[in-house]
Amino acid sequence: MDNKDTWETFLGSLLDSAVKEFQSTAQYTLLKEKLERMELDCETMLREDERAFAGECFDLLLSVSGQQECYVYKRGIQDSIFILQALGILS
């Protein structure tokens, strides 16, 4: 494993830990309940073809959101390192 792979593994581990921590919050619990209500509403209010389309839309939105979350998290770490270097705290 080279340095880039090690770095990516390290960042992935930090992100996973942060996500797990968020999932233990009351805010996450409320959001999860809202998503479950939306899913139930879709099941009862939409026809089968509409449910399939809505499901595809939700899946895509969640995927994009997850990719954005990962990018922003990694960028935040890189920016933090840059700031610490600019302040002379890291060399």
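Numbers for the structure displayed
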| item | result |
| --- | --- |
| Residue match in the range 27-36 (condition: among the aromatic types (F, W, Y) and loosely packed, with under 12 Cβ neighbours inside 10 Å) | no |
| Q68 being surrounded by 11 or more Cβ atoms within 10 Å (Cβ to Cβ) and of a type in the set (S, T, N, Q) | no |
| Residue match in the range 74-81 (condition: of a type in the set (D, E) and exposed (fewer than 10 other Cβ atoms within 10 Å of the Cβ)) | no |
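Throughout, read-outs are computed from the coordinates displayed, never taken from laboratory work. None of these values were measured; they are calculated from a predicted model. Neighbour counts are summed over all protein chains in view; Cβ atoms, including those assigned to glycine, are modelled from backbone coordinates with ideal geometry.
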